[in-house]
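Below: one structure, written as structure tokens.
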Amino acid sequence: MRVLVFGAGAIGSLLGGLLSARHEVLLIGRKAHVDAIREHGLRVSGKTVRLAKPDAATRVPGGAEADLVVVAVKAYDTSSAMTHLRGLAKSATFLTLQNGLGNADVIGRTALRVVAGTTAHGVTFVGPGEIRHAGVGETVIVPRQQPPKPQPAPEPAKVEKLPGIDQPVFRADVELVNISVVVQNRNGDFLAGLKKENFRLSEDGVPQTIQRVETMEAPVTVAMVVEYSSLYWEFLYDTFQAAAGFVNSLKPDDWVALIFYDLRVEILRDFTRNKAAIMDDLMMLQTPGFSEANLFDAVSDTVDRMQDIAGKKAILLVSSGVDTFSKTRYDAVLKKVQASDTPIYAIGTGQAARLWYEGRGYMGSEQSIGFLQADNQLRTFARYSGGRAYFPRFEGEFPNIYGDIAGALRTEYVLTYTPTNAAHDGKFRKIKVELLEKDGKPLKITDQKGKEVKYEVRAREGYTAPRPVD
């Protein structure tokens, strides 16, 4: 029998090692563990003593075949694991012995045959290529009970609309500049209720007359740009966690597009209000086909795409921050981001994996510096555009991130003004936004105890004036 064990941790390695005595076994695990098994075999000590010789790899090989797939990852990694195992979903039987509830159901969304169970074996991961079988216990396996087949989601009610309204609204060029401003204190609270007289706006140091300040509740148009590359497969769980969680945080009237990039930039689904369709697209993804991550090309293309969309809008960038092969240069995409009126909210993936590797000495100084540069690129995209960058290390941080982004989009102020410099010279105009009291002094905010609370004003750094031919 051909057995593939996805997740060669302690229990996965034990099962794979025992089964390898009579079956053809392939363990999928982390590089250090895989390298040790390939070179020296899998050493098992304790209640079982043997040197097992299973095959091992860091990812599922293309065209892999298996009669049995054992899913042995942590429960929160199950969805991500199934993206790598989708090619075996119809041909193999899937076995889960994971802790926690619902794993069989998650696997069953993709696989046709699922068996669930529990094991009382005690196993300790000693180090790369070595485990200790600490205790022998019973393993119970039963077929998964199929849940009732869900009814298809009802089609959204059709509403009569004028031609061209049932899609994001695009704007025409006018002699007005719109600046989105978010005000947030150090506790994460957004400041609402500010009036036009509370804002001071200058362009290249010259005060401007603000014509109106809008804070209306309106649908948001979001382009979700997601890195889907095999460059760092360990980061893929963060990728799906960020993408799927953000989709679930959107309101029914919000528009969202799903854009993936690796070697190419691909629009998986254009702007839609059908969040279920976006989730289906995420669940249907196969194993990444390329190890390239052309971040700069993806950001450049999406900024261009968002430029003519009016109303509240944003780019959600889910990425490692690494760029490998883009045609667009970093300085060129920065200029485009800086001139755009679309804020970028970036979620940096792979923070936990990086900490794991760094803590065990598996990451060299050159690679560490490369990741720090990648983080800085995401921060710069966010800062130049008036957005924000997040670098979650734990799964529990994601809901707060979704709430923070949603809060920024729902409570932003849109300042509109006509520039005093009417020249169409194609030059960059630097913008500064400040908050004032009624007497013209800097605005001070205090808490319930009267203590001053610091706050942050986020807005894009400026815009590029049109050229005479524009």
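Of the listed pairs 336/454; 275/312; 275/335; 31/53, which have alpha-carbon separations greater than 22 Å here?
Working: 336/454 31 Å; 275/312 18 Å; 275/335 32 Å; 31/53 17 Å.
Too far apart for the 22 Å limit: 336/454; 275/335.
Provide the percentage of antiparallel DSSP beta bridges, counting only those with both residues in the chain; round to the nearest 5.
So the antiparallel bridges in the chain amount to around 50 percent.
Can you compute 3J(HN,Hα) from phi for each residue in region 190-197, using the Karplus curve 6.51 cos²θ - 1.76 cosθ + 1.60 with θ = phi - 60°, rounded to whole Hz and x for Gly and Pro?
Once rounded to whole Hz, the list reads 8, 8, 10, x, 6, 9, 4, 5.
For each of 239, 119, 324, count neighbouring Cβ atoms within 10 Å of the residue's Cβ, then give the residues from fewest to most.
Fewest to most other Cβ atoms nearby, the residues stand as 324, 119, 239.
Please arrange 139, 93, 302 by counting, for each residue, the other beta carbons lying within 10 Å of its beta carbon, fewest first.
Lowest count first: 139, 93, 302.
Round to the nearest 0.05 the FRET efficiency obtained for residue 404 and residue 91 when R0 = 30 Å and r is the Cβ-Cβ distance.
The formula returns an efficiency of 0.10 here.
Per residue of region 326-343, in order, report the coupling 6.51 cos²θ - 1.76 cosθ + 1.60 (Karplus, θ = phi - 60°) as ³J(HN,Hα) in whole Hz, putting x for Gly and Pro.
Whole-Hz 3J(HN,Hα) from phi for region 326-343: 6, 6, 7, 7, 4, 5, 5, 5, 5, 4, 5, 5, 5, 7, 7, 9, 10, x.
Quick one: which residues, 5+ away or cross-chain, put their amide H under 5 Å from the amide H of residue 126? H built at 1.01 Å from N.
HN-HN under 5 Å from residue 126: 131, 132.
Sort 209, 349, 380, 416 so the one with the fewest other Cβ atoms within 10 Å of its own Cβ comes first.
Listing 209, 349, 380, 416 from fewest to most nearby Cβ atoms yields 209, 416, 380, 349.
Can you give me the distance in nm between label points at residue 136 and residue 332, each placed 7 Å from the Cα along the Cα-to-Cβ direction?
It is 6.6 nm.
Can you give the local net charge around residue 68? Use residues other than it whose beta-carbon is closer than 12 angstrom to its beta-carbon, Lys and Arg +1, Asp and Glu -1. If you can, show how the numbers build up before the last one.
Values: positive: 2, 113; negative: 24, 65, 67.
Taking every other residue near residue 68 into account, the sum is -1.
Using a 7 Å offset from Cα along Cα-Cβ at residue 452, what residues in region 181-200 end up with backbone N under 15 Å from the label point?
186
Any idea what the relative contact order of the chain is, in percent, if you count C-alpha pairs under 8 Å spaced at least 6 apart?
Result for the chain is 15 percent.
Every number in this text was worked out from the coordinates using simple rules, so none of it is lab data. Just so it is clear, the model here is predicted, and its values are computed rather than measured. Backbone-built Cβ (ideal geometry, glycine too); neighbour counts: all protein chains shown.
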